[in-house]
Amino acid sequence: MDRSRGWQGSSVPEDRTEAGIKHFLEDMDDAGLNKFVKDFPGSENCHQPEAKTWGSRPQVLEPRPQAPDLYQDDLEFRPPSWPQASDSQQYCSASAPLSPSARPRSPWGKLDPYDSSEDDKEYVGFATLPNQVHRKSVKKGFDFTLMVAGESGLGKSTLVNSLFLTDLYRDRKLLSAEERIMQTVEITKHAVDIEEKGVRLRLTIVDTPGFGDAVNNTECWKPVAEYIDQQFEQYFRDESGLNRKNIQDNRVHCCLYFISPFGHGLRPLDVEFMKALHQRVNIVPILAKADTLTPPEVERKKRKIREEIERFGIKVYQFPDCDSDEDEDFKLQDQALKESIPFAVIGSNTVVEARGRRVRGRLYPWGIVEVENPGHCDFVKLRTMLVRTHMQDLKDVTRETHYENYRAQCIQSMTRLVVKERNRKPWAQSKQVLGSP
Amino acid sequence: MDPMRRSPSPCSSRPSSPRTPPCEMLGYVGIEAMLDQLKIKAMKMGFEFNIMVVGQSGLGKSTMVYTLFKSKMWKSTIPGLGMPTPQTLKLQSVTHVIEEKGVKLKLTVTDTPGFGDQINNDKCWDPILGYIKEQYERYLQEEILITRQRHIPDTRVHCCVYFVPPTGHCLRPLDIEFLQRLCRTVNVVLVIARADSLTIEERETFRRRIQHNLRTHCIDVYPQKCFDEDINDRILNSKIRDRIPFAVVGADQEHLVNGRCVLGRKTKWGIIEVENLAHCEFPLLRDLLIRSHLQDLKDITHNVHYENYRVCRLNESHLLPRGPGWVNLTQAPAGPPATPRPSKVRHQVQDDSKDDEEY
């Protein structure tokens with residue numbers, strides 16, 4: 001199954017991707033290996049992961065055994081160096097960090113013992129399991145479907161571009177006023193492949209142009225809800241089918257809902273939309289265009305929106321509670337994240353010069369708003385949450401909760417249909433009997 | 001329904017690093033943090049692995065399990081160690097949760113005492129096949145429930161280690177019969193048991209003969225050629241396939257060799273070190289099973305063997321056993337099952353041997 005072709009079209013040749021992956025993994029392993037050597041011989045090794053991600057959990061046990069490197073194939077299955085070996089191939093052996101200087105020779109043979117470089121007798125080696133899983137994930141790549149919903153003009157497209165550093169909407173044409181009158185709510189999909197350090201992400205953005213723009217917006221969330229249900233149904237059919245090899249997962253993993261900063265909290269349309277969708281998709285509320293508000297105003301609005309969300313019983317996406325054994329820093333971070341809902345964000349498609357650096361921002365006569373400045377808005381928090389820490393959790397909740405609910409409902413309604421059919425039949429039959437002369 | 005207009009994928013799909021981001025900013029999104037997230041999740045959930053050991057009594061199966069997992073498993077609980085041979089084939093499963101460097105593994109070992117020990121061994125593979133299929137059935141039942149568990153407990157056999165007695169000649173009829181049936185249902189790893197009774201040359205001859213037997217009878221042991229995904233896998237797996245079956249020796253006692261304490265067998269003419277690649281190929285088996293291909297074994301079991309079983313079940317019942325027939329089953333014949341049909345493999349036998357020589 002040649003996935004690389006299916007994903008990237010002809011843009012990236014296969015060997016370059018493979019080399020990229022290998023490079024990335026080798027770099028990672030060298031760093032890990034060096035760390036291991038430094039810390040060995042300790043009993044338990046609790047490393048800090050490399051500081052390549054922000055906001056990821058600092059305490060990650062990184063099992064880096066000294067056992068043969070997974071990615072240097074030659075080392076693992078090097079045949080024993082018998083004197084009469086006729087193997088013409090050259091195998092390069094990775095240098096074991098702890099070189100066996102005093103490796104004894106076994107009395108049973110004149111041959112060098114296999115360089116099992118671990119000194120720990122109890123070491124079996126399944127601590128490499130996360131790496132094995134890891135390697136497969138890197139090969140396969142990830143996918144993620146994000147939906148953006150909200151009225152026009154709230155900066156949705158700009159935010160998506162800022163989040164993923166793409167320009168998905170470069171050639172977008174904004175509709176004129178006359179065209180907008182005729183417009184109905186549509187669902188559009190844009191897909192883009194992003195690759196960073198050998199890790200591939202297939203990102204699908206589902207947009208809802210026309211939402212909330214008409215004069216009469218009754219039930220304008222219906223197309224959106226139906227779209228989400230359609231994806232669930234498609235997946236359900238695929239999953240129950242016979243050939244499950246290449247199931248396309250188009251289920252919506254997260255919905256960013258944009259709340260206008262000009263109102264007084266949630267408006268009736270916002271409430272209706274969120275209530276219609278909170279059982280189907282993870283909703284993350286966003287306070288859009290936050291640069292129109294001063295910090296105290298932002299605080300006030302956030303609090304009001306949080307209160308209203310609670311009052312109306314809207315179940316937005318809940319961040320999972322962190323474990324009790326996490327350190328204080330992480331707990332504080334987690335707490336701060338929970339209290340930032342809704343995220344007050346600013347997006348920008350332009351780069352400006354600020355404080356001697358080039359940053360994404362918006363230039364006003366009274367100053368420059370920096371998108372990636374945590375003091376200016378919650379953009380960084382949103383991106384960290386969405387991509388770096390909670391992407392997997394969003395997918396898990398979609399898969400385990402929303403999809404399972406849909407599936408259960410679906411099965412039950414089908415069962416009811418079947419039962420109804422069965423119950424109707426005997427009645428029809430008796431009618432026929434009575435009717436016959 | 002509303003039209004789903006799919007905009008053309010923009011040509012700004014970024015090339016691999018180094019790259020120029022569209023607005024010349026050296027920002028990055030941080031996607032590789034996904035790998036960390038996955039790792040954390042995997043380590044929290046823990047892993048499962050189910051292994052079955054099959055072979056005649058006295059071939060050192062239980063000792064081998066002990067050697068593989070060392071003192072993580074208590075000797076007394078390993079099925080079959082020191083117990084008398086039962087009259088009929090009975091399967092015994094023992095589960096342990098073992099931990100290493102923060103990684104938790106729930107290991108289930110199924111032993112098959114009594115296999116091939118009777119006078120008439122006809123159909124002695126039936127209980128084993130039945131057990132394996134029962135595990136698939138259990139998983140299938142869990143999967144079609146209306147309210148499913150978040151994580152379906154996986155009791156399917158991921159790997160079956162088959163012990164071939166060290167006759168030095170070739171595969172016996174019993175071996176061939178068993179392997180033919182089992183390779184279609186489960187991943188089989190072939191080992192030559194008690195290899196310390198063979199010299200190095202004898203081992204090589206035996207190995208080549210067994211490989212020839214396997215090819216003649218179209219027996220596809222793990223790692224199967226048809227599941228190699230890309231060129232790296234192919235190269236690595238070809239090297240493994242060249243050394244199948246591994247000639248292994250198991251031991252449960254430690255001896256002092258030049259100041260080091262090693263697992264081994266002590267004889268009057270020397271000490272056989274189990275972890276010494278010059279003495280036996282146990283390290284290769286261990287690396288294959290645990291350090292490099294464990295996840296792959298599970299994936300093939302889940303994606304291929306289990307799917308084949310599921311397709312057969314759905315086809316034969318036309319409705320799922322528990323549900324009221326609500327599933328839209330495509331009545332059309334299923335896609336080609338993943339295991340190659342015997343005729344095809346036979347045809348490729350000559351090509352295979354040529355391919356192997358390339359690597």
Magnitude of the Cβ-charge dipole of segment A:311-367, K/R +1 and D/E -1, about the Cα centre, nearest 20 debye?
-> 800 debye
Which order results if A:I341, B:I176 are arranged by neighbouring Cβ count within 10 Å, fewest first?
-> B:I176, A:I341
Relative contact order for segment B:36-317 using alpha-carbon pairs under 8 Å, separation at least 6, rounded to a whole percent?
-> 17 percent
Least to most buried among A:W366, B:W269 (fewest other Cβ within 10 Å first) = A:W366, B:W269
Using the count of nearby Cβ atoms within 10 Å as a rough guide to exposure, how do A:Y317, A:Y364 rank from fewest to most?
-> A:Y364, A:Y317
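Please sort by residue number the trypsin sites (Lys or Arg not before Pro) in segment A:214-293 whose DSSP state is loop and whose Cβ has at most 16 other Cβ atoms within 10 Å.
Filter output for segment A:214-293: A:R244, A:K245.
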In segment A:277-360, the GluC sites (Glu not before Pro) that fall in loop regions by DSSP, at most 10 other Cβ within 10 Å | A:E339
Within the set of other residues whose C-beta is less than 14 Å from the C-beta of A:P268, count the net charge using Lys and Arg as +1 and Asp and Glu as -1.
-> -2
Segment B:36-317: antiparallel DSSP beta bridges as a percent of all, rounded to 5 = 50 percent
Using alpha-carbon positions, the gyration tensor of segment A:143-265 gives root eigenvalues a ≥ b ≥ c; with a/c under 1.5 called rounded, otherwise prolate if a/b exceeds b/c, else oblate, the class is oblate
Beyond 35 Å, what share of the Cα-Cα pairs of segment B:36-317 remains, rounded to the nearest whole percent?
-> 16 percent
Cα shape, segment A:261-346, gyration tensor, a/c 1.5 rule = oblate
DSSP loop (so not H, G, I, E, B), at most 13 other Cβ within 10 Å: list which trypsin sites (Lys or Arg not before Pro) in segment B:246-314 pass both filters.
-> B:K268
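No value in this document is a laboratory result; all are computed from the given coordinates. What you see is a predicted model; the values in this text were computed from it and never measured. Cβ: placed from backbone, ideal geometry, glycine included. Neighbour counts: every protein chain shown.
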